[in-house]
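Enquirer: Here it is, the structure in full.
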Amino acid sequence: MSKDETLGEALRRQGVTRRGFLKFCAATASMMALPPSMVPAIAAALEKARRPSVIWLSFQECTGCIESLTRSHSPTVEGLIFDAISLDYQHALQAAAGSAAEAARETAMEENYGKYILIVDGSIPLANPGYSTIAGISNLAMLEETAKGAAAVVSMGSCAAFGGIPKAKPNPTGAVSVGDIIKDKPIINVPGCPPIPVVITGVLAHFLIFGTIPELDALGRPMAYYGQSIHDRCYRRPFYDKGKFANTFDDEGAKKGWCLYKLGCKGPTTYNACATTKWNDGTSFPIEAGHPCLGCSEPDFWDGGGFYKAISTPTEDIPKAAIYAVGAGAAAGLALGALNRAKRDKAVAEHVKTTIDDLEKGD
Ligand code: SF4
Ligand code: SF4
């Protein structure tokens, strides 16, 4: 696919039918948490979208983030999204190595200056410039140099977004996040250890469709995926509300699928989309497999006071009236969330309509 070819043209050239394309748009709408009524608008915008250049830098990381993305099932929305971007530099996926790889990064920066998307996974070591270098360039220098011409930076995974496991005590490399270094570019944090594949592609799809960064929360995370806690959407929540908890991993409560709060579940304080999008092509997520949430999409989760310790007093120790009050509060919160989503969907629908009107005027 050439860079001048639109996504619609490329998909037709690859033999994707109109029906297949609309199916792809419906999946895109769903992964961006947009209503089905948005599908025609998304189809029209994607039809005309051109591939943005993407430079992906990997620093102090375990390759889990890119593994997460590439372990998605086929045929995938993810695959189509990757056809729809120009991934000009990515260590694990590119064929070029050594000076040819560095030349690809420099060419992509030069040709797309001010327009490319920079994705970073891994933290940046500051304690010793000799830790973690690529082609003899320190991670810090490469990040600063590459961020200069980027339209926006995506911090992929908890290491890039918040420092992650390399920053955990005693932090021997002096690891910091991308946001600790880059202060003059829009930054989208996509935390998770690793992040969920559809969240990664959803952020890229937002760029393709709207050309803007999505609405973010106070920690710079896209609201569409990090706007609610795991606990808000957990299917074990009715047991929590009734005070029914598993106390060990093999007791009666565990066998009956009761709440994992007493086994250290961090779902109430963790914001991520695991309970809704799930993992492995929507098959399951850790709590569904019987393991408490570790809070991997929150800052400093590794140092957060013990993975298998309850975070505070469980509801079974709270008087019943207070449980009902919590339930009413949660219901009010859910209603407010629905109202906010409706407002956001309306604003997005208007934005897409204006974009398409503008595109059509330009034809
Ligand atoms: S505490 Fe954990 S297992 Fe229990 S309802 Fe909340 S998220 Fe689900
Ligand atoms: S359930 Fe919790 S620890 Fe597990 S992947 Fe989701 S946010 Fe991370």
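The values are calculated or read from the model by the stated rules, or taken from the named source; none is laboratory data. Not measured: the values here are computed from a predicted model. Every residue, glycine among them, receives a Cβ derived from its backbone with ideal geometry; neighbour counts consider all protein chains shown.
Enquirer: What are the residues in segment 265-292 that are modelled with pLDDT under 95, outside any helix (DSSP H, G or I) and more than 10 Å from ligand 2 (Cβ to nearest atom), if any?
Expert: Across segment 265-292, the qualifying residues are ASN280, ASP281, GLY282, THR283, SER284.
Enquirer: All but one of (1) surrounded by fewer than 18 Cβ atoms within 10 Å (Cβ to Cβ); (2) assigned to a loop (DSSP other than H, G, I, E, B) hold for PRO238, so report the exception by its number.
Expert: (2)
Enquirer: Give me the residue from segment 268-284 that is within 10 Å of ligand 1 (Cβ to nearest atom) and within 17 Å of the chain's Cα centre (by Cα) and, out of that set, surrounded by the fewest Cβ atoms within 10 Å (Cβ to Cβ).
Expert: My answer is THR270.
Every residue, every condition in (1) away from ligand 2 (no atom under 15 Å from the Cβ); (2) under 17 Å from the mean Cα position of the chain (by Cα); (3) of a type in the set (Ser, Thr, Tyr), yes or no:
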residue: PRO214; (1), (2), (3): yes, yes, no
residue: ALA246; (1), (2), (3): yes, no, no
residue: GLU252; (1), (2), (3): yes, no, no
residue: LEU263; (1), (2), (3): no, no, no
residue: PRO299; (1), (2), (3): no, yes, no
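Enquirer: Contact list please: Cβ distance under 7 Å, first residue in segment 284-311 and farther than 12 Å from ARG236 by Cβ, second residue among the basic types (Lys, Arg) and assigned to a loop (DSSP other than H, G, I, E, B), pairs at least six apart or on different chains.
Expert: Matching pairs, first to second residue: SER284/LYS278; LEU294/LYS266; GLY295/LYS266; ASP303/LYS169; ILE311/LYS266.
Enquirer: Of the residues in segment 231-263, how many are more than 9 Å from ligand 1 (Cβ to nearest atom) and within 15 Å of PRO286 (Cα to Cα)?
Expert: 3
Enquirer: Across segment 215-228, what is the number of residues that are in contact with a helix residue (DSSP H, G or I) (Cβ under 6 Å, 6 or more places away or on another chain) and under 17 Å from GLY267 (Cα atoms)?
Expert: Here the count works out to 1.
Enquirer: Are there any pairs with C-beta distances below 6 angstrom linking a residue in segment 178-200 that is at negative phi to a residue that is more than 12 Å from ligand 2 (Cβ to nearest atom) and among the charged types (D, E, K, R), with the two at least 6 apart or on different chains, and if so which?
Expert: PRO197/GLU78
Enquirer: Please work out if CYS296 is crowded, with 19+ Cβ neighbours inside 10 Å, away from ligand 1 (no atom under 13 Å from the Cβ), modelled with pLDDT of 95 or more and within 27 Å of ASN171 (Cβ to Cβ).
Expert: In short, yes.
Enquirer: Among the residues in segment 21-28, are any polar (S, T, N, Q), crowded, with 22+ Cβ neighbours inside 10 Å and not assigned by TED's automatic domain parsing to the domain that holds ASP83?
Expert: yes
Enquirer: Another question, then. Go through (1) touching an Asp or Glu at 6+ places or on another chain (Cβ under 9 Å); (2) hydrophobic (A, V, I, L, M, F, W, C); (3) within 13 Å of ligand 1 (Cβ to nearest atom); (4) not in a helix (DSSP H, G or I) for LEU219 and report which single condition fails.
Expert: Only one criterion in (1) touching an Asp or Glu at 6+ places or on another chain (Cβ under 9 Å); (2) hydrophobic (A, V, I, L, M, F, W, C); (3) within 13 Å of ligand 1 (Cβ to nearest atom); (4) not in a helix (DSSP H, G or I) is unmet by LEU219, namely (3).
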